[in-house]
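Reading through the structure tokens given below for one structure.
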Amino acid sequence: MRLLSRGRDLTVITSAPESPDEEFARRRRRYAIMMGLRALCVLGAALTYHVSGWLAAAFAISSVILPWCAVIIANDGPPKKRAAAQVRHVSSERALPSTPSDRVING
């Protein structure tokens, strides 16, 4: 969002995009947290194997799925800004006829 003030262009700070370094640090932090959770799932699977096979299987499946999710989330960038929809008016002179009876193609 830009404002005009005495001939100068001003940028409102709340609409400024996040710096690439901050964005990269945030994505790297998310990846590290998810990989830490994966390590805990592997450890949980190893420690609960004798207690419950189902619980150990749930931990093992989570430890397989988490790296894929971590990569997807870490590679996700900021949302792209959508361009405003442009509506064009088409003059009726160039428009196709509304009824198909005007033109018939025999093939």
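The values are calculated or read from the model by the stated rules, or taken from the named source; none is laboratory data. These numbers were taken from a predicted model, which means no experiment stands behind them.
Structure summary
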{"item": "Test: residue in the range 61-76 that is at pLDDT below 85 and either within 37 Å of the chain's Cα centre (by Cα) or among the polar types (S, T, N, Q) (or both)", "result": "yes"}
{"item": "Residue under evaluation Ala83, criteria (1) closer than 30 Å to Arg27 by Cα; (2) of a type in the set (A, V, I, L, M); (3) modelled with pLDDT of 70 or more, criterion not met", "result": "(3)"}
